[in-house]
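Chemist: Dumping the structure here so I can ask a few things about it.
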């Protein structure tokens, strides 16, 4: 690891000032610190966001949950209101990584990093959530722009993420056992105006909505309707863990399984 200085801002204004001056935000460090230890990333200055109270907390606002960017995965998994009002989100958080990752990793850090196999981006995109930054609000459909790429500008920080509460939702994934990342993960959320389906882990381009599955399930919310959708493997990832064709099949199987679970 290269030498660096560590700052601990206590206000959002101080955090923004540091980041705009070139400091790298530290929002849990489960990706950043590992890459720094391997000398794959060099940062002269880190700004630890853990003490910024404006970026913490979980609250309900009308028919939505607002989750502070510095909320740990365990905070989301164990929050009584989310477990009661949006159990799929709590369930997803409870199965991210391992115990250490869940104790230290944060929602904002994961979403800003946008790993192509991360779980949270599927929940954000599948929910049609809104990313609230220190400057603006960004719709999930406009936020994710490919592998490790988002709509965030330089120096812009995520403050919170606002999740509209669906009628019902589920997250299904097949875990890659060595890394605990999903080989494929599918987040399904049903709202009054239709169904959203977000897929993670299947594409090098990162999380994406599956429009054909959304259309089919909006018309008929049944496993059979999902099974009739042909999953195109053309743009899916093929690596030592699974072929593109296998991942395409997983998208279908996990969607059918999720819909069956939602129907009880």
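Chemist: Quick check: is even one residue across the stretch 208-215 assigned by TED's automatic domain parsing to the domain that holds residue 175, part of a loop (DSSP other than H, G, I, E, B) and touching a residue at least 60 places away in the same chain (Cβ under 8 Å)?
Modeler: The answer is no, given that none of the residues of the stretch 208-215 is assigned by TED's automatic domain parsing to the domain that holds residue 175, part of a loop (DSSP other than H, G, I, E, B) and touching a residue at least 60 places away in the same chain (Cβ under 8 Å).
Chemist: Residue check, residue 35 against (1) at pLDDT below 95; (2) touching a strand residue (DSSP E or B) at 6+ places or on another chain (Cβ under 8 Å), all met but one. Which one?
Modeler: (2)
Chemist: Working carefully through the options 239, 235, 224, find the one that is under 21 Å from the mean Cα position of the chain (by Cα) and either on the phi < 0 side of the Ramachandran plot or assigned by TED's automatic domain parsing to the domain that holds residue 177 (or both).
Modeler: After applying the criteria, what remains is 235.
Chemist: Further, regarding this structure: Return the total of residues in the stretch 160-178 being surrounded by fewer than 17 Cβ atoms within 10 Å (Cβ to Cβ) and either in a loop (DSSP other than H, G, I, E, B) or out of contact with any strand residue (DSSP E or B) (no Cβ under 7 Å at 6 or more places or on another chain) (or both).
Modeler: Selection size over the stretch 160-178: 4.
Chemist: Go through the stretch 65-82 and report how many residues are part of a strand (DSSP E or B) and touching a residue at least 60 places away in the same chain (Cβ under 8 Å).
Modeler: 4
Chemist: I need a count of the residues in the stretch 64-92 that are out of contact with any strand residue (DSSP E or B) (no Cβ under 9 Å at 6 or more places or on another chain) and closer than 18 Å to residue 165 by Cα.
Modeler: 6
Chemist: Residue 118 passes all but one of (1) without any contact (Cβ under 8 Å) to a residue 60 or more places away in the chain; (2) buried (at least 24 other Cβ atoms within 10 Å of the Cβ); (3) not in a strand (DSSP E or B); which number fails?
Modeler: With (1) without any contact (Cβ under 8 Å) to a residue 60 or more places away in the chain; (2) buried (at least 24 other Cβ atoms within 10 Å of the Cβ); (3) not in a strand (DSSP E or B) applied to residue 118, the lone miss is (1).
Chemist: Determine, yes or no, whether residue 52 is modelled with pLDDT under 95 and either within 27 Å of residue 188 (Cβ to Cβ) or not assigned by TED's automatic domain parsing to the domain that holds residue 157 (or both).
Modeler: no
Chemist: Moving on to the next point. Report whether or not residue 183 is surrounded by 14 or more Cβ atoms within 10 Å (Cβ to Cβ) and under 18 Å from the mean Cα position of the chain (by Cα).
Modeler: Spelling it out, residue 183 is indeed surrounded by 14 or more Cβ atoms within 10 Å (Cβ to Cβ) and under 18 Å from the mean Cα position of the chain (by Cα).
Chemist: Given the criterion touching a residue at least 12 places away in the same chain (Cβ under 8 Å), surrounded by 16 or more Cβ atoms within 10 Å (Cβ to Cβ) and part of a loop (DSSP other than H, G, I, E, B), identify the matching residue among 198, 202.
Modeler: It is 202.
The values are calculated or read from the model by the stated rules, or taken from the named source; none is laboratory data. Note that this is a predicted model, so its numbers are computed, not measured. Heads up, the Cβs are rebuilt from the backbone with ideal geometry, glycines too, and the neighbour counts pull from every protein chain shown.
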